[in-house]
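Student: One structure, as structure tokens, below. Some questions next.
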Amino acid sequence: MSANLPIVGAIEAGGTKFVCAVGRGSKSDLLETDEFPTGSDPQAVIGKVVDWLKSREARFGTLPAIGIASFGPVDLDPKSPTYGYITTTPKEGWKNTDIVGAVRRAFPGRAIGFDTDVNGAALGELRWGYARGLEDFIYVTVGTGIGGGGFARGRPLHGLVHPEMGHIPLPPVGDDPFPGNCRIHGRCWEGFCAGPAIERRAGMPGKMIPADHPVWELTTRSMAQALLTLTYVLSPRRIIIGGSVRKAGRLGEDAFFAMIRRHFHELNNGYISSPALSPEGLERYIVPPELGDAAGICGAVALGQDALRAGG
Ligand code: ZN
């Protein structure tokens, strides 16, 4: 599939770890990958990634392009003086980090592609995963935080900055007193459904939460509220959910998705009557990534290839 695509460098900058790769496409076309903890010293980890990529050039030849998919918030406006920066992140040590500039200085003259980590993962799924052939879809990652990216008419959603779907306000489920876990908003999607919120509610690590614990019912109900909101606002043709929370510990990924789809169907209450939102249709409408946990790094490869095609 990817044999005629160029080999490029790829960096998936996450809040916990940096994944780097050289490759030309989907999971099976990643030639080498490695990862480094993100830590609190940007220059240190970026330096390690740069060294790793440079040493790969000895084997695979000069990398004509490098794609970077980064945690954020990031500045995506090419006209902005801080284009390519990680901007206001609360992550210790990372505020105002010029990640694109650092890579550009290390690899002068190469094409550099840059986007958010979730838009990167969305691009990976568009090119090689469950979003193939779809111009309008959403990719959400639910892990230590929640981020949402997406494509409309085949283009990533940027706009004023970039979407922050993970922080849309959500009502509590019934009379649930949980105040929400978001540092900024309390009760928002991330405040209800990210890993730390689930663990705080349950009072135990996520992997230990029993399958019949009520936190799963609450979490999947809130997930469905958020996904229905996105469906009503953006009318995506599919919603892909990545990140660690989807694996749902002892509940398991299949049951987690089945519960979300059931709540989604109940909440929609027949309002949108598309076959895609029928109980059978929802099995293909709300899905995990086809590329699994490699969606992000494959997306970074695609960002690099797209930058090369666009001339830099
Ligand atoms: Zn929030």
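Student: Would you pick out the residues in region 286-312 that are part of a helix (DSSP H, G or I), open to solvent by less than 10 Å² (accessible area, probe 1.4 Å) and touching a helix residue (DSSP H, G or I) at 6+ places or on another chain (Cβ under 7 Å)?
Tutor: 295, 296, 298, 299, 300, 302 - these are the residues of region 286-312 that are part of a helix (DSSP H, G or I), open to solvent by less than 10 Å² (accessible area, probe 1.4 Å) and touching a helix residue (DSSP H, G or I) at 6+ places or on another chain (Cβ under 7 Å).
Student: Please identify the pairs in which a residue from region 195-220 that is β-branched (Val, Ile, Thr) has its Cβ atom under 8 Å from the Cβ atom of a residue that is open to solvent by 50 Å² or more (accessible area, probe 1.4 Å) and outside any helix (DSSP H, G or I), counting only partners at least 6 apart or on another chain.
Tutor: 209/250
Student: Taking region 138-188, which residues are within 26 Å of residue 285 (Cα to Cα) and in contact with a Cys (Cβ under 8 Å, 6 or more places away or on another chain)?
Tutor: Hits for region 138-188 are 142, 146, 166, 167, 168, 169, 170, 188.
Student: Taking helices (runs of 4 or more DSSP H) that fall entirely within region 140-238, which contain at least 2 residues that are open to solvent by 10 Å² or more (accessible area, probe 1.4 Å) and away from the ligand (no atom under 16 Å from the Cβ)?
Tutor: 195-202, 214-234
Student: Okay, moving on. Given the conditions (1) assigned to a strand (DSSP E or B); (2) of a type outside the set (Val, Ile, Thr); (3) without any contact (Cβ under 8 Å) to a residue 40 or more places away in the chain, and given that residue 9 satisfies all but one, which numbered condition is not satisfied?
Tutor: (3)
Student: Shifting gears a bit: How many of the residues making up region 76-120 are open to solvent by 20 Å² or more (accessible area, probe 1.4 Å), part of a helix (DSSP H, G or I) and touching a strand residue (DSSP E or B) at 6+ places or on another chain (Cβ under 8 Å)?
Tutor: Summing the residues that are open to solvent by 20 Å² or more (accessible area, probe 1.4 Å), part of a helix (DSSP H, G or I) and touching a strand residue (DSSP E or B) at 6+ places or on another chain (Cβ under 8 Å) in region 76-120 gives 2.
Student: Further question: Can you pull out every residue in region 245-284 that is outside any helix (DSSP H, G or I) and surrounded by 15 or more Cβ atoms within 10 Å (Cβ to Cβ)?
Tutor: Within region 245-284, 248, 249, 251 qualify.
Student: What number of residues in region 12-55 are of a type in the set (D, E, K, R), within 18 Å of residue 73 (Cα to Cα) and in a helix (DSSP H, G or I)?
Tutor: 0
The values are calculated or read from the model by the stated rules, or taken from the named source; none is laboratory data. The model shown is predicted, which means the values in this text are computed figures rather than measured ones. Every residue, glycine as well, gets a Cβ built from its backbone with ideal geometry; the counts of neighbours run over all protein chains shown. The accessibility values were calculated without ligands, DNA or RNA, using every heavy atom of the protein model including side chains. Shrake-Rupley method; radii C 1.70, N 1.55, O 1.52, S 1.80 Å.
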